[in-house]
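Quick notes on the structure that follows.
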């Protein structure tokens, strides 16, 4: 009897184990038969005697059709296509069903006449050079790291931004913002190099050829395109625009984009970045025409001189001339540092130590205030300078000021430097051992505040250090 119980127990255990290990079974819907997918492709000869207008209609509920109509792609339930040039156009149709992807039989339509009214538009002419012509465009970043028109090869906009000459500064919804980085200070945006060229043509058809020199996976492409001048959109087929490898996997569709701006020399197009790549956004690629690039001559750029109040005197008077012939300036305990553009406009809205703390990343906190004010610099009218930092370290040297109105101070034998509390930021000078007076402020009739600027070697901005008069 004991052996029988053991056998029964073992048998039941095996049954339980087998049942617990049985995998769940799933099934997909049966693949939809092509015969069950209905659609219409009709040429509207009433509109165009040559059959240039073609209406594509999906008549199957629950199924999404993707139309590849040579000059572009669409998954709209009803799409109206306008062919400007005569010829045979083979429309490829893909159905997305519950059972998977179904490739339908292609349909060829014949257009017997040109209707150039569909490409006779200022935007078509700007993009391609007009009927019978072609126009070549380059990404605005060359092998030498030079951007010839824009500040860099690409900008970042919100998902609701679009055509920049319309709407409210190009805003057409709730998600509107922009960041236009200068490439020299943000080289992570795009690798330096020759990205190749792309050519939009209207010679016997709207054709696009692209030579991707920085993306071997693409190489040379030949396809077609369609510009919707009303909606300000651009679609392409079998060829993509020049773009950067950094965002290759962050865009689902490189064949559909917004036209952000278009002039004789410049083109900006935007593609949608996926939300999984630091949030949804419009990646805007900046192009210049090859003709503009070939004729471009670097301009002699001179930094502007921000308007500052010298209280009716000179820079030397501002820094040092008092009854004691020496002025001492201490680093501000409330707003010791910031950044400005080249015209002296602050880039961060920091008006108190609480603003630094709220931002977090500057690393400056209220506990630093007591030590920061110990950083002092003294200018004497005989050209001597002395500094003492918050650690009690004293240094001395000389200084000279510019006489050409640039408000630049050059140091000799000393490079003023100060720690800014627990922050990672420090006060320092440029590679030429200089500061530029970027801003001043008065209390009554006396200039009591100076922002000394350190010019960034790459970005068009200054890091500024705020000093307050102590005597």
Which condition does residue 443 not pass, out of (1) touching a strand residue (DSSP E or B) at 6+ places or on another chain (Cβ under 7 Å); (2) more than 20 Å from residue 340 (Cβ to Cβ); (3) modelled with pLDDT under 95, if it passes all the others?
(1)
Got at least one residue in the range 447-466 being assigned by TED's automatic domain parsing to the domain that holds residue 386, out of contact with any helix residue (DSSP H, G or I) (no Cβ under 9 Å at 6 or more places or on another chain) and not in a strand (DSSP E or B)?
no
Here are some residues: 81, 109, 102. Which one is surrounded by 17 or more Cβ atoms within 10 Å (Cβ to Cβ), on the phi < 0 side of the Ramachandran plot, touching a helix residue (DSSP H, G or I) at 6+ places or on another chain (Cβ under 7 Å) and not in a helix (DSSP H, G or I)?
102
Within the range 210-246, which residues are farther than 18 Å from residue 134 by Cα, crowded, with 19+ Cβ neighbours inside 10 Å and under 17 Å from the mean Cα position of the chain (by Cα)?
243, 244
Complete set of residues in the range 132-175 that are farther than 21 Å from residue 288 by Cβ, at pLDDT below 95 and surrounded by 18 or more Cβ atoms within 10 Å (Cβ to Cβ)
171
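Just checking, does the range 94-106 include any residue being in contact (Cβ under 8 Å) with a residue 40 or more places away in the chain and within 25 Å of residue 208 (Cβ to Cβ)?
Residues of the range 94-106 in contact (Cβ under 8 Å) with a residue 40 or more places away in the chain: 95, 97-100, 102, 104-105.
With within 25 Å of residue 208 (Cβ to Cβ) added as a condition, the list becomes none.
So far as the range 94-106 goes, no, none of its residues is in contact (Cβ under 8 Å) with a residue 40 or more places away in the chain and within 25 Å of residue 208 (Cβ to Cβ).
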Right, residue 386: part of a loop (DSSP other than H, G, I, E, B) and in contact with a strand residue (DSSP E or B) (Cβ under 9 Å, 6 or more places away or on another chain) or not?
no
I'd like to verify a number: residues in the range 215-231 that are under 25 Å from residue 281 (Cβ atoms) and at pLDDT 95 or above, how many?
0
Sole miss for residue 307 among (1) outside the structural domain of residue 161 (by TED's automatic domain parsing); (2) under 24 Å from the mean Cα position of the chain (by Cα) is condition (2)
What residue, of 358, 299, is assigned to a helix (DSSP H, G or I) and either touching a strand residue (DSSP E or B) at 6+ places or on another chain (Cβ under 9 Å) or without any contact (Cβ under 8 Å) to a residue 40 or more places away in the chain (or both)?
358
Quick test for you: out of 88, 75, pick the one residue that is surrounded by fewer than 18 Cβ atoms within 10 Å (Cβ to Cβ), within 21 Å of residue 116 (Cα to Cα) and in the same structural domain as residue 43 (by TED's automatic domain parsing).
88
Residue 127: within 33 Å of the chain's Cα centre (by Cα), part of a helix (DSSP H, G or I), surrounded by fewer than 18 Cβ atoms within 10 Å (Cβ to Cβ) and at pLDDT 95 or above, yes or no?
no
Restricting to the range 396-416, give me the number of residues that are touching a residue at least 40 places away in the same chain (Cβ under 8 Å) and not in a strand (DSSP E or B).
4
Here is a check on your reading of the model: is residue 305 more than 21 Å from residue 137 (Cα to Cα), touching a helix residue (DSSP H, G or I) at 6+ places or on another chain (Cβ under 7 Å) and in a loop (DSSP other than H, G, I, E, B)?
no
Sole miss for residue 320 among (1) crowded, with 19+ Cβ neighbours inside 10 Å; (2) at pLDDT below 95; (3) under 15 Å from residue 465 (Cα atoms) is condition (3)
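Listed here are the residues, each with its yes/no results for (1) touching a residue at least 40 places away in the same chain (Cβ under 8 Å); (2) under 27 Å from residue 258 (Cα atoms); (3) part of a strand (DSSP E or B).
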residue	(1), (2), (3)
85	yes, yes, no
120	no, yes, no
123	yes, yes, no
131	yes, yes, no
136	yes, yes, yes
Residues in the range 194-209 that are within 20 Å of residue 150 (Cα to Cα) and surrounded by fewer than 16 Cβ atoms within 10 Å (Cβ to Cβ) total 1
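Tell me yes or no: at least one residue of the range 277-285 is in contact with a strand residue (DSSP E or B) (Cβ under 8 Å, 6 or more places away or on another chain) and closer than 19 Å to residue 79 by Cβ.
no
Look through 267, 272, 242 and report the one residue that is outside the structural domain of residue 427 (by TED's automatic domain parsing), in a loop (DSSP other than H, G, I, E, B), touching a residue at least 24 places away in the same chain (Cβ under 8 Å) and farther than 20 Å from residue 443 by Cβ. Give the steps one after another, and end with the answer.
Details: 267 fails: in a loop (DSSP other than H, G, I, E, B); 272 fails: in a loop (DSSP other than H, G, I, E, B).
The unique qualifying residue is 242.
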Given the conditions (1) within 30 Å of the chain's Cα centre (by Cα); (2) surrounded by 15 or more Cβ atoms within 10 Å (Cβ to Cβ); (3) in the same structural domain as residue 437 (by TED's automatic domain parsing); (4) farther than 16 Å from residue 426 by Cα, which single one is not true for residue 407?
(1)
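The values are calculated or read from the model by the stated rules, or taken from the named source; none is laboratory data. Note that this is a predicted model, so its numbers are computed, not measured. Backbone-built Cβ (ideal geometry, glycine too); neighbour counts: all protein chains shown.
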